[in-house]
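Visitor: One structure is given below, represented as structure tokens, and several questions about it will come after.
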Amino acid sequence: MRTLPRWILLPAGIGTLFVILPLLAMAARVQWGSFWQLVTSESSLAALQLSLQTSLTSAALCVLMGVPLALVLARSESRPTSLLRALVLVPLVLPPVVGGIALLYTFGRQGLLGRQLEVLGVQIAFSTTAVVLAQTFVALPFLVLSLEGALRTAGTRYERAAASLGARPSRVLTRVTLPLVLPALASGTVLAFARALGEFGATITFAGSLQGTTRTLPLEIYLQRESDAEAAVALSFVLMLVAILVIVLAHRRRRT
């Protein structure tokens, strides 16, 4: 901090207040007397349970697909790789609703793959599977971006040393490369989970809002806002606490 000019503290403080004040304002509107009753209603618990289950599944899928993607992007400098990177990161800048429409025209009943799946008796749109796919679509770039940066920072010197000693590529990957970037992998997974937990636009477009099937906590908050504002505020506070906890854990992992 001593190397920074003092004037920079003013915009930094304004930015901090800009983020914190809305959260404090929301916390101040919580009706603490009925808080527990509001967040433990049948619909709220069902939405919270569904959100946690689908977000964990989405995070696992992000690891399964994101780790190979990050490895390819970090270890290749070809032009096709640059195009692949741009395509993988598109969900970061797309409005979630657009992502939901894209998924609908891919896996919906009349979609690119949905037609063939429908013949086999598999229907994805407006199901719990659709929730997982929507969350994975928007969360995957967070893990890829985090892990690719860590792989580039780590470099390849240890991998080359292991290969020169006779280690096979798969052994180099599991014993050298992944252990080097394990903190980044952990934090990227946590961030992907957090993004999946807060997903709304793609989910409601592709999966709808069926209680116990596709109605996640963000969708429940949106619906409660129209009928019971106090319940919406209470559930929003719960989601905020979960998000803060996830971010703190990810930050601690990154620092470690």
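The values are calculated or read from the model by the stated rules, or taken from the named source; none is laboratory data. Here the structure is a predicted model, which is why all the values come from computation and not from measurement. All Cβ positions, glycine included, derive from the backbone under ideal geometry; neighbour counts span all protein chains shown.
Visitor: Of the numbered conditions (1) touching a Gly at 6+ places or on another chain (Cβ under 9 Å); (2) crowded, with 16+ Cβ neighbours inside 10 Å; (3) among the β-branched types (Val, Ile, Thr), Val97 fails exactly one; give the number of that condition.
Guide: Unmet for Val97, out of (1) touching a Gly at 6+ places or on another chain (Cβ under 9 Å); (2) crowded, with 16+ Cβ neighbours inside 10 Å; (3) among the β-branched types (Val, Ile, Thr): (2).
Visitor: Okay, moving on. Quick one: which helices (runs of 4 or more DSSP H) lie wholly within the range 88-134 and hold at least 1 residues that are within 19 Å of Ser209 (Cα to Cα) and small (Gly, Ala, Ser)?
Guide: Working: elements: 90-93, 96-107, 114-119.
Qualifying helices (runs of 4 or more DSSP H): 96-107.
Visitor: Quick one: count up the residues across the range 198-226 that are surrounded by fewer than 24 Cβ atoms within 10 Å (Cβ to Cβ), among the hydrophobic types (A, V, I, L, M, F, W, C), touching a Pro at 6+ places or on another chain (Cβ under 9 Å) and in a helix (DSSP H, G or I).
Guide: 1
Visitor: Determine whether Gly108 is in contact with a Gly (Cβ under 6 Å, 6 or more places away or on another chain), surrounded by 15 or more Cβ atoms within 10 Å (Cβ to Cβ) and not aliphatic (A, V, I, L, M).
Guide: Details: in contact with a Gly (Cβ under 6 Å, 6 or more places away or on another chain): yes; surrounded by 15 or more Cβ atoms within 10 Å (Cβ to Cβ): yes; not aliphatic (A, V, I, L, M): yes.
It is true that Gly108 is in contact with a Gly (Cβ under 6 Å, 6 or more places away or on another chain), surrounded by 15 or more Cβ atoms within 10 Å (Cβ to Cβ) and not aliphatic (A, V, I, L, M).
Visitor: With the requirement that a residue be under 22 Å from Leu56 (Cβ atoms) and surrounded by 17 or more Cβ atoms within 10 Å (Cβ to Cβ), what does the range 163-182 give you? Before the answer, list the steps.
Guide: Going residue by residue through the range 163-182, those that are under 22 Å from Leu56 (Cβ atoms) are 178, 181-182.
Once the filter is applied, which keeps residues that are under 22 Å from Leu56 (Cβ atoms) and surrounded by 17 or more Cβ atoms within 10 Å (Cβ to Cβ), the range 163-182 yields only Val181.
Visitor: Let me ask another. Looking at Ala134 and the list (1) at negative phi; (2) surrounded by fewer than 21 Cβ atoms within 10 Å (Cβ to Cβ), which single condition is not satisfied?
Guide: (2)
Visitor: Then there is this: For Ser58, all conditions in the list (1) farther than 15 Å from Leu239 by Cα; (2) loosely packed, with under 15 Cβ neighbours inside 10 Å; (3) of a type in the set (S, T, N, Q) hold save one; what is the number of the exception?
Guide: Result: Ser58 passes all but (2).
Visitor: Of the residues that sit in the range 137-162 and are more than 28 Å from the chain's Cα centre (by Cα) and of a type in the set (Gly, Ala, Ser), which one is surrounded by the fewest Cβ atoms within 10 Å (Cβ to Cβ)?
Guide: It comes out as Ala161.
Visitor: Another one. Please find, within the range 195-236, the residue that is nearest to Ala27 (Cα to Cα) out of those that are among the small types (Gly, Ala, Ser) and free of Cβ contacts under 8 Å to residues at least 60 places away in the same chain. So that I can check it myself, show each step before the final result.
Guide: Here is the first cut: in the range 195-236, the ones among the small types (Gly, Ala, Ser) are 196, 198, 201-202, 207-209, 212, 227, 229, 231-232, 234, 236.
Then drop every residue that is not free of Cβ contacts under 8 Å to residues at least 60 places away in the same chain, which leaves 198, 209, 227, 229, 232.
Numbers: Gly198: 18, Ser209: 26, Ser227: 20, Ala229: 13, Ala232: 12 Å.
It comes out as Ala232.
Visitor: For the range 167-188, what are the residues that are aliphatic (A, V, I, L, M) and either closer than 10 Å to Ala139 by Cα or part of a loop (DSSP other than H, G, I, E, B) (or both)?
Guide: Of the range 167-188, the ones aliphatic (A, V, I, L, M) are 167, 172-173, 176, 178, 180-182, 184-186.
The answer is Ala167, Val181.
Visitor: Within the range 56-67, does at least one residue satisfy the condition of being within 30 Å of Ala130 (Cα to Cα), hydroxyl-bearing (Ser, Thr, Tyr) and in contact with a helix residue (DSSP H, G or I) (Cβ under 6 Å, 6 or more places away or on another chain)? Outline the logic, then answer.
Guide: The initial filter retains those residues of the range 56-67 that are within 30 Å of Ala130 (Cα to Cα), namely 56-67.
With hydroxyl-bearing (Ser, Thr, Tyr) added as a condition, the list becomes 57-58.
So of that shortlist, the ones also in contact with a helix residue (DSSP H, G or I) (Cβ under 6 Å, 6 or more places away or on another chain) come out as 57-58.
Yes, the range 56-67 has at least one match.
Visitor: Residue by residue through the range 1-34, note down the ones that are over 29 Å from the mean Cα position of the chain (by Cα), surrounded by 11 or more Cβ atoms within 10 Å (Cβ to Cβ) and either basic (Lys, Arg) or outside any helix (DSSP H, G or I) (or both).
Guide: Listed by number, the list holds a single entry, Gln31.
Visitor: Leu191: modelled with pLDDT of 90 or more, closer than 25 Å to Thr54 by Cα and in a helix (DSSP H, G or I), yes or no? Quick ask: steps written out before the conclusion?
Guide: Numbers: modelled with pLDDT of 90 or more: no; closer than 25 Å to Thr54 by Cα: yes; in a helix (DSSP H, G or I): yes.
For Leu191, the condition - modelled with pLDDT of 90 or more, closer than 25 Å to Thr54 by Cα and in a helix (DSSP H, G or I) - is not met.
Visitor: Quickly run through the range 35-52 and pick out the residues that are more than 13 Å from Val238 (Cβ to Cβ), touching a residue at least 40 places away in the same chain (Cβ under 8 Å) and either buried (at least 18 other Cβ atoms within 10 Å of the Cβ) or not aliphatic (A, V, I, L, M) (or both).
Guide: Ser43, Leu50
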